[in-house]
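Report on the following structure.
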Amino acid sequence: MIGYYLFLFLEKFLMLLPHKTRKSFFTLLGKIAYLGSKKYRRIAYQNLTYAFDGKMSDKEIDEITRYSFKNLMYNFLHLMELRYMSKEDLAKKVTVQNKEAVDKVHAQGRAVIYVTTHYCSWELGGASLGAFVEPLAAVYKKLKNSQYEQWLLEARASFGNTNLEKTNVVKPLIKLIRKAKASGLLIDTNMNKKEGVIVNFMGKPIRQTSTAAYLARKFNAAIIPVTIRTDDEEHYTLMLFDEIKVEKTDDIDADILKATQLQADWLSEIITKEPKFWFWLHRRWKSDKAEIYN
């Protein structure tokens, strides 16, 4: 309890400072986290070595790992700032690309299921989606610290989004889709062997959630991939991609697998193009290739 109040005090103090000073503080935290966390430096090394078949140099791996720590701290910074930011402030930071893909779906009277990833400023991306495209219900995994979870969810709801805890989440998602309302699903977290389907991700077999494909097929919703990137860590582009269509043949399982694979292909492509933005500190292959983390 005391720790949480100290955290809130720090937040208040930091928000009195200029943005440049806050950013410098979180940059420093990223450097400290990199130096102090041998465990997660090793996880990043294992992930990058495996994903790129050992072809990436140690120098490249180290640069990306350093950026992963810094980028994580920037996501905390963005969460903090979102709690105090106006829509006009957000519009100065974020430009939306390809909103036409969503407009096309809505013109057909269909709901959108956004599939997204821990890539670049995912917190800023989610808020921008709610502010400039449409509010959505984002599925999240419950945190152990309920106070911090409340702080996190409040920040994420700053621009109209709502939050759905992932336990027994399918029925609430169905209700949203039937009302033509939007939802958001992360597709890049580790899954246990009882969940999802096996796809090829970064050229490697891995288990990925098939929820988006299942719901889109059954209820005629549209899967729209979305992510965010930046060139200067001040101005960001929210990138909406064209719909991933789900076939509807007599083979339900094949249809779902194909659409899930297309999501994995999309994610593999953006990571391969700019690998520094993905969250390499997470053991994505833990369930399917645990030996790489030995």
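Kindly check whether there is at least one residue in segment 80-100 that is under 30 Å from Lys289 (Cβ atoms) and surrounded by 13 or more Cβ atoms within 10 Å (Cβ to Cβ). Explain how you work it out, then say what you get.
First, pick out the residues of segment 80-100 that are under 30 Å from Lys289 (Cβ atoms): none.
No: segment 80-100 contains no residue that is under 30 Å from Lys289 (Cβ atoms) and surrounded by 13 or more Cβ atoms within 10 Å (Cβ to Cβ).
I'd like to check which strands (runs of 3 or more DSSP E) are fully inside segment 167-241 and have at least 3 residues that are within 12 Å of Ala111 (Cα to Cα).
Working: elements: 182-186, 197-201, 204-208, 222-230, 236-240.
In segment 167-241, the matching strands (runs of 3 or more DSSP E) lie at 182-186, 222-230.
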Pair list, Cβ < 6 Å and 6+ apart or interchain, from segment 150-170 residues that are on the phi > 0 side of the Ramachandran plot to residues that are at pLDDT 95 or above and in a loop (DSSP other than H, G, I, E, B): Gly160/Pro135
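Here are Lys70, Lys31, Lys59: which of them is out of contact with any Asp or Glu (no Cβ under 7 Å at 6 or more places or on another chain), over 26 Å from Leu124 (Cα atoms) and at pLDDT 95 or above? Before the answer, list the steps.
Values: Lys70 fails: over 26 Å from Leu124 (Cα atoms); Lys31 fails: over 26 Å from Leu124 (Cα atoms).
None of the others qualify; the one that does is Lys59.
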Over segment 277-291, the set of residues surrounded by fewer than 17 Cβ atoms within 10 Å (Cβ to Cβ) and in a helix (DSSP H, G or I) is Ala290, Glu291
Any idea which residue in segment 143-188 is nearest to Met73 (Cα to Cα), counting only those that are among the aromatic types (Phe, Trp, Tyr) and surrounded by 14 or more Cβ atoms within 10 Å (Cβ to Cβ)? Trp151
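Being closer than 18 Å to Ile113 by Cα, within 20 Å of the chain's Cα centre (by Cα) and surrounded by fewer than 22 Cβ atoms within 10 Å (Cβ to Cβ) is the requirement here; does Glu243 meet it?
Working: closer than 18 Å to Ile113 by Cα: yes; within 20 Å of the chain's Cα centre (by Cα): yes; surrounded by fewer than 22 Cβ atoms within 10 Å (Cβ to Cβ): yes.
Judged against the criteria, Glu243 is a match.
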Segment 101-127, residues that are buried (at least 24 other Cβ atoms within 10 Å of the Cβ), among the hydrophobic types (A, V, I, L, M, F, W, C) and assigned to a helix (DSSP H, G or I): Leu124, Ala127
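Is it the case, given these coordinates, that Glu11 is part of a helix (DSSP H, G or I) and under 20 Å from Tyr84 (Cα atoms)? Step through it out loud before you land on a result.
Details: part of a helix (DSSP H, G or I): yes; under 20 Å from Tyr84 (Cα atoms): yes.
Here the answer is yes, as Glu11 does meet what is asked.
The values are calculated or read from the model by the stated rules, or taken from the named source; none is laboratory data. What you see is a predicted model; the values in this text were computed from it and never measured. Cβ atoms come from the backbone with ideal geometry, glycine included; neighbour counts cover every protein chain shown.
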